[in-house]
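A quick write-up on the structure given underneath.
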Amino acid sequence: MSETTLSELELYAFASTSAQFHLTPHEFDVDLDGTVYVSTPIERNALALGAEAAKSALELKLPPTCDLVRHLLAASLTGEATSITLRIARRGTWGDYWWVSGTRWMGRVLGVEVADDGARVRCESAQVSLKRIGLRRLYSRTCSHVLYSAACGASPITASAIVSNSTGRSVDLDGGVPGSVSGGLAGGWLQTPEGARHMIVNDYGGGVELLYPVAIEAGTEVLLTVGCDHSTATCESRFGNLENFGGFPFIPTKNPFSGTPIF
């Protein structure tokens, strides 16, 4: 639908500590008081109407190559939160400008899943977030700390490399994966000179496999950061950080909650 025939628009604003994105699902960019909302193919679920409308969950579908998707995937590694506000804009009296008539939905991004047909972004309402019980410590054998966070305390293990070629999710490195990080990059990330971080799911002799396709020019110097599987063995052998291990590896396998009839 053309700009001249529309009387109402949807405007999406995503904000985090390191970046902001302004998008609109319509076929044209929208300039609102100097802020440009970029035209992007966005699909969303139907939001409930009535008293519970503000509590409805929001699910979006975007192109997997969208800059916002890349940012959300990188933010999932660092724990950086991203808020989202869906506003409604209406055409001015004379039809020559747009103005915000109200806010349709507010909340935060819970996660993003990338598939061949698109990226699905799950969002939670601000009202639901405020009423949720606070986070509690996980009772699990594996460590619950975010790698390299203050609670983890491990020192990052990194190495630089030069990209020789990138195809889809595979990034080949000149001279292969550096020996100091070889075999330990799963769960870590590749960082470009611009600061973008891309999660690594596997490393092989000649390069690394990323979580999602990324186009990186040959000759680009990247920083590879080692990952962790959150086990005691890796915590000790790779990082020498067992004193800060955040799991409970000695949970007994036989307990009242395991289904044993007689304990």
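Some observations on this one:
- Residue that is over 30 Å from S7 (Cβ atoms) and surrounded by 14 or more Cβ atoms within 10 Å (Cβ to Cβ), where the choices are T85, T78: T78
- Failed item in (1) outside any loop (DSSP other than H, G, I, E, B); (2) over 26 Å from A19 (Cβ atoms); (3) within 25 Å of the chain's Cα centre (by Cα), with G184 passing the rest: (1)
- Within segment 183-227, considering residues that are of a type in the set (F, W, Y) and at pLDDT 90 or above, the one surrounded by the most Cβ atoms within 10 Å (Cβ to Cβ): W189
- If the condition is being in a loop (DSSP other than H, G, I, E, B) and at pLDDT 90 or above, then segment 42-80 contributes I42, N45, P63, C66.
- Those residues of segment 150-163 which are out of contact with any helix residue (DSSP H, G or I) (no Cβ under 9 Å at 6 or more places or on another chain) and at pLDDT below 90, in sequence order: A150
- Tabulated pairs, segment 86-107, first in a loop (DSSP other than H, G, I, E, B), second surrounded by fewer than 14 Cβ atoms within 10 Å (Cβ to Cβ) and at pLDDT below 80, C-beta under 8 angstrom, 6+ apart or interchain: G95/T4
- Residue that is farthest from the chain's Cα centre (by Cα), among those in segment 157-175 that are within 30 Å of A115 (Cβ to Cβ) and in a loop (DSSP other than H, G, I, E, B): G168
- Residue pairs meeting the criteria (Cβ under 6 Å; at least 6 apart or on separate chains; first within 14 Å of Q191 (Cα to Cα), in segment 161-172; second among the charged types (D, E, K, R)): I162/D174; I162/E221
- Qualifying position, being closer than 22 Å to V146 by Cα and out of contact with any Lys or Arg (no Cβ under 7 Å at 6 or more places or on another chain), among T234, T220: T234
- When the residues of segment 26-41 are filtered to those that are part of a strand (DSSP E or B) and of a type in the set (S, T, Y), the one that is farthest from V69 (Cα to Cα) is T35.
- Residue in segment 131-138 that is surrounded by 12 or more Cβ atoms within 10 Å (Cβ to Cβ) and outside the structural domain of I84 (by TED's automatic domain parsing) present: yes
- Unique residue being among the aliphatic types (A, V, I, L, M), closer than 21 Å to L68 by Cα and part of a loop (DSSP other than H, G, I, E, B) when the list is I216, I251: I216
The values are calculated or read from the model by the stated rules, or taken from the named source; none is laboratory data. What you are looking at is a predicted structure, and each value in this text was computed from that prediction instead of being measured. In this analysis, Cβ positions are derived from the backbone assuming ideal geometry, glycine residues included, and neighbour counts consider all displayed protein chains.
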